[in-house]
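Here it is, the structure, as structure tokens.
The values are calculated or read from the model by the stated rules, or taken from the named source; none is laboratory data. Computed from a prediction, not measured in an experiment: that's the story for all the values here. Every residue, glycine among them, receives a Cβ derived from its backbone with ideal geometry; neighbour counts consider all protein chains shown. These accessible areas exclude ligands, DNA and RNA; they are computed on the full protein's heavy atoms, side chains included. Shrake-Rupley method; radii C 1.70, N 1.55, O 1.52, S 1.80 Å.
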Amino acid sequence: MLLIFGTLAIFAQSFPEKGVPLLQNYTPSQYQNKGKIWDIQSAPNGIVYMAADKGLIEFDGKTWNSFKGSNGFTRSLLIVNDSLLYSGSDLDFGVWKRNKYQSFDYTSLYPFKEDISDINEEFWGVYQVNDNVLFSSSKNIYVYKNQHFTKISAPNSFTGGFTVNDSLYFADKKSGLYLFDGLALKQVLSFPPEVDFELAGIYHLPRGTLLVTKNSGLYLFSSGKLSLIDNAVTQKLTAAKVFSFEPLGDKYLAFGTILKGLYITDLNGRIIHQINKNKGLPNNTILSLHYSPAGKLWLGMDYGVTAIDLQKKITTFYDFRGDFGTASSALVSNRIFYLGANQGLYKSTWNDLNNDSEYNKFQLISGSEGQVWCLEEIDKTILFGHDQGLYRLSGNSVQKISSVPGVWTIVPYKEYLLTGNYNGISIFKKTGNGWTFLKKMELILGSCNQVIVEKENILWVNIPNFGIIRAVLDNNLYPTERLIIKEMEFEGDNPFLLQSDTGMHLVTDKFQFTFSSSEKKFLKKAEVMPQPEIEGLLTGIYQPRAIHQDYEFYPVYNGFALKYLRSDGDKKPENFAINVRKIIAMGNHPETTVFYPGATIPFRQNNLKIECIVPNQDKVLYQYKLSESGKWSNWNPDNIISFFNLKQGKYTLFIKATVNGDLTETQTISFRIQAPWYLTWYAFLSYFLVVAFIIFGIRALQKLSLKKQRKLHLIKEQRSLREQAEKYRQKAVQLEQDHLKEEYNKLKQQLRTKTIELACKARVDEEKNRVLLSLKEKFERIQKEPGLVKIMLNEINRILESSIDTEVNAFEIQIDELHQEFYRKLKTSYPGLSNHDLRLCAYLKIGLNSKEIADILNILPSSAFISRSRLRKKLNINADEDLYEFLNSI
């Protein structure tokens, strides 16, 4: 094989050779369906830019942005700095300038944009030589300097331009290769007419110039001679059809092909990596390549974009073809790689793990079909734990040692072998060249997926969903002491045991705990910030393990990974920087506004989201504080910082980051939150005017109110006087009426009294007249009949006595006749009253006192008083109640 780089080409390998470097694929839907990617470049700040069918694409590692420039497909890019880009497209080329909102504005520079009816140019290349910017199509080169253009026509038809170190070359389809020299083209070589010599790339070597053709392999141009490099790389590239080329530092070369994906070779012509759709690429047609300073190789494909991290020491073996499944354990013995997976036990030669073929070669060992959990080499014998039991590997055949199902782990202990099973721990004893089942360990049950021996007789057992057991074993392997620590005592999920020089530890996805022998318990020591070196790592007990002096094994879903342990020496520290990507302000409504550092933000939008990033870097943690005297936040992988309900004033945000443990410089972002509208100067002026107006209005209203109150008071006084006059008039009328009524009652009483007196007198007179007439008759009869004198005198005496009695009772009779209605009401209300009581009520009703009543009744006054007291009792009248008023109310 011909050495490309001669005797200087023998280097220590920097890229791991086994497995596929870490890939990150992006589908068109992720970058907004902008079509095919024709060119990729990265800015000094680490942001990657891509020329796509539908414009310019920007990617910072998390967010895709797109910008529309010319109408045609964007074909080529030139990055001058973080804020200045040039692009070439169909029938146009121009400049992109970043504005203060971190977006880009496009300006066309194409001089024939207004008259293109007879022109059909596609600008596939943009280059910079000193102060000149060159835009290249198949027909012309336009040299742009100081806003002026110089046009250089193609000898026949340009097929490409190539920047090599500080030199710029142009390939002409018929005339050969030219060097751009000032404003002229200097021919370097003529292409052989018998070879399809369309170039894809050029690379300078000490012995000459390497020419990469699209269809004819590799050529070396040295001392004026052109010769084919006849090796395996040329043969593969000729078959695969090269479309793009990119040097990877000073040790490796990358070739993007139409049919076979990506090839990476060293300068000796040895294939280091062959990466295609079988190994994770979304497409085998690679249209563009770019190797960024961050160590990522970017692939623009016919479908999708892929970033390959060549700086990482992790490589992967994903089972895209269904060859072996998900691996759980691995072992290297006698340069044979053994792989325990969910489909069985596989093997491959150690060299076959090199990534120099289209796919990996793994052979399933017959009889091992099923889940293999663990692999161990003990006493030069390979043992593996299987879902169906414990097995021994002998050549290409397997022998079952035990049928106890589910062997999670295999641990040597003194002259014994311990296996953690689906249920408990099995103990095996060495017999001859093999192992024989001895017994099952007592007092330990459950699925023992981790068994670790500490010191001579201390055994640690991890039982998922139960906890940790620390057992002290005697000589008969009986656990004489057991310490059980429940899983619920540990914060976090997926606990696993870890043994180190400092003792026993337990690690969850949140915290690391360290066992304290004195306290007999695990103590929380540190918070775990999960940042796995590779996505898809199996959790819990599936931990990395060293399988070779240069490699560690990592179990991952649908495959496995290897980590290359050799170092390239002192690594030059990288200068990472934080980029401010976007400041989004929002209020209580969903509308948002984009601002820039140093902006003044309205108070109504005092909720901010500030997006910062270390572009296109993994394992980045961010920390921030809002003022110089503020407190730093906890480290967090989230690159979006949110603030809510910020008060008015000036703010300075301090942000720093760590990238793989390297600390960046602190970035500051200043902004100001405006005062709310009600605290601005015009608001205060408005307040003053409003207050003045209110004071003036209040005074005017007070005057008006006072005038109105005076009028109302006057009306009220007039009304009050009228009401008082009316009240006095009514009172006078009432008094007059009361007086008249009183006089009326008096007159009425007098009339009644007089009426009684007249009635009594009339009755007396009438009775007297009757008696006198009767006496007159008796005397006349005596005169006529003297003999009847004695008889007549007796009758006269009787008449006189009767008259006297009649006179006495006349008044009573008259009183009774005048008060018949009064008597009826009394009888109804008080049926227990006698006639004497009724007559006494009548005397009292007409106002007679006790003496007068005693005279009429011919009794003593004291007897009349006693009769009144008895009457009160019968009428249920209290002693303090007026008997006269009571009787007159009936």
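Order the following by accessible area, largest value first: Glu456, Glu415. Probe radius 1.4 Å; ligands, DNA and RNA are ignored.
Glu456, Glu415
If you line up the long axis of helix 789-818 against the longest principal axis of the chain, both from Cα atoms, how many degrees apart are they, to the nearest 10?
Roughly 20 degrees, rounded to the nearest 10.
Within the range 604-633, what residues put their amide N at less than 15 Å from the label point 7 Å along the Cα-to-Cβ vector of Thr666?
So the set is 623-633.
Using 7 Å Cα-to-Cβ label points, what is the Lys703/Ser774 separation (nm, one decimal)?
10.6
Please state the shape class of the range 315-364: rounded when a/c is under 1.5, otherwise prolate if a/b exceeds b/c and oblate if not, all from the C-alpha gyration tensor.
Judged from the Cα gyration tensor, the range 315-364 comes out oblate (a/c at least 1.5, b/c at or above a/b).
Can you give the direction-averaged projected area of the convex hull of the alpha-carbon atoms in the chain, in nm²?
90.0
Can you return the lysines within cross-link range of Lys825? Criterion is Cα-Cα under 29 Å, with same-chain partners fewer than 8 residues away left out.
Of all the lysines, those that pass the test against Lys825 - Cα under 29 Å, at least 8 places apart if same chain - are Lys741, Lys746, Lys748, Lys754, Lys761, Lys845, Lys851, Lys873, Lys874.
With a 1.4 Å probe and all protein chains left in place, how much of the accessible area of the range 489-580 comes from carbon and sulfur atoms, in whole percent?
46
When only the heavy atoms of the protein chains count and the probe is 1.4 Å, how do Phe255, Phe522, Phe688 rank by accessible area, highest first?
Phe688, Phe522, Phe255
Ignoring ligands, DNA and RNA, what percent of the 1.4 Å accessible area of the range 369-411 is carbon and sulfur?
42
Based solely on its DSSP helices, what 222 nm [θ] is calculated for the chain when runs of n ≥ 4 H residues each add -39,500 (n - 2.57) and the sum is averaged over all residues, nearest 500 deg cm²/dmol?
That comes out to -7500 deg cm²/dmol.
Now for a separate question. Would you mind calculating the relative contact order of the range 154-211 from Cα pairs under 8 angstrom and at least 6 residues apart, reporting the percent as a whole number?
With pairs under 8 Å counted, the relative contact order is 25 percent.
Give the cross-link partners of Lys656 among the aspartates and glutamates, using a straight C-alpha distance below 18 Å as the criterion and excluding same-chain residues fewer than 8 apart.
Straight-line reach from Lys656, under 18 Å: Asp60, Glu574, Glu611, Asp618, Glu628, Asp638, Glu665.
Near the amide H of Ser402, under 5 Å away, which other amide H atoms are found, from residues 5 or more places off or on another chain, if H is placed in the peptide plane?
Leu390
With θ set to phi - 60° and the Karplus curve 6.51 cos²θ - 1.76 cosθ + 1.60, what are the ³J(HN,Hα) couplings of the range 373-378 in order, to the nearest whole Hz, using x for Gly and Pro?
For the range 373-378, the Karplus curve yields 9, 8, 9, 9, 10, 10 Hz.
What's the long-distance tail for the range 475-590, i.e. % of Cα pairs beyond 20 Å?
66
Net charge around Asn351, counting only other residues with Cβ within less than 12 Å of its Cβ (Lys, Arg = +1; Asp, Glu = -1)?
Taking every Cβ under 12 Å from that of Asn351, the sum is 0.
Something else: Apply 1/(1 + (r/R0)^6) to the Cβ-Cβ distance of Lys631 and Leu438, taking R0 = 41 Å, and write down the FRET efficiency to the nearest 0.05.
In this case the efficiency is close to 0.10.
Using the Cα gyration tensor of the range 44-136, with a ≥ b ≥ c the square roots of its eigenvalues, what is the shape: rounded (a/c below 1.5), prolate (a/b larger than b/c) or oblate (neither)?
Because a/c hits 1.5 or more and a/b exceeds b/c, the range 44-136 counts as prolate.
Considering amide H positions built from the backbone, and no H for Pro or chain starts, which residues 5 or more places from Gly269, or on another chain, come under 5 Å of its amide H?
It is Ile4, by chain and number.
With a 1.4 Å probe and all protein chains kept in place, how much accessible area does Arg321 have, in Å² rounded to the nearest 10?
Around 110 Å² of this residue is reachable by solvent.
So, one more: Using unit Cβ charges (K, R positive; D, E negative) and no other charged atoms, how large, in debye to the nearest 20, is the dipole of the chain about its Cα centre?
2980
On a C-alpha basis, how far is the centre of the range 402-426 from the centre of the range 850-890 in Å? Whole number, if you could?
Value for the Cα centre distance between the two parts: 127 Å.
Moving to a separate point now. Please work out how much accessible surface Asp352 shows to a 1.4 Å probe, ignoring ligands, DNA and RNA, in Å² rounded to 10.
Estimated to the nearest 10 Å², Asp352 gives 60 Å².
Under the classification rounded if a/c is under 1.5, otherwise prolate if a/b is larger than b/c and oblate if not, where does the range 557-702 fall, given a ≥ b ≥ c as square roots of the Cα gyration tensor eigenvalues?
Judged from the Cα gyration tensor, the range 557-702 comes out prolate (a/c at least 1.5, a/b above b/c).
Hey, any idea what % of the range 78-217's accessible area is carbon plus sulfur with a 1.4 Å probe?
43
Going by accessible area, probe 1.4 Å, with all protein chains left in place, what is the ranking of Lys650, Lys582, largest first?
Lys650, Lys582
Okay, next question. Add +1 for every Lys or Arg and -1 for every Asp or Glu among the other residues with Cβ under 12 Å from the Cβ of Glu736, and state the total.
0
Can you give me the accessible area per residue for the chain, using a 1.4 Å probe, in Å²?
Ligands and nucleic acids excluded, the figure is 53 Å² per residue.
Local charge sum around Pro412 (other residues, Cβ-Cβ under 11 Å, Lys/Arg +1, Asp/Glu -1)?
Cβ neighbours under 11 Å give a net charge of -2.
Next question, about the same structure. Provide the solvent-accessible area of Ile271, counting protein heavy atoms only and rolling a 1.4 Å probe, rounded to the nearest 10 Å².
20
How much length is gained if the chain between Glu723 and Ile640 is pulled fully straight, taking 0.36 nm per residue apart and subtracting their Cα-Cα distance, in nm to one decimal?
Taking 0.36 nm per residue and subtracting the Cα distance, the gain is 21.7 nm.
Explain nothing, just the number: relative contact order of the range 359-403, from Cα pairs under 8 Å at least 6 residues apart, as a whole percent.
29
Which pairs break 29 Å Cα to Cα here: Lys525/Lys647; Lys312/Lys486; Lys260/Lys563?
In this structure, Lys525/Lys647; Lys312/Lys486 exceed 29 Å between Cα atoms.
I'd like the distance between the alpha-carbon centres of the range 318-336 and the range 118-150, rounded to an integer number of Å.
The two parts, judged by their Cα centres, are 52 Å apart.
To the nearest 20 Debye, how big is the dipole of the range 841-890 about its Cα centre, given +1 on the beta carbon of each Lys and Arg and -1 on that of each Asp and Glu?
Computed charge dipole of the range 841-890: roughly 260 debye.
Under the definition of Cα pairs under 8 Å and six or more residues apart, what whole-number percent is the relative contact order of the range 536-678?
It comes to 21 percent, rounded to a whole number.
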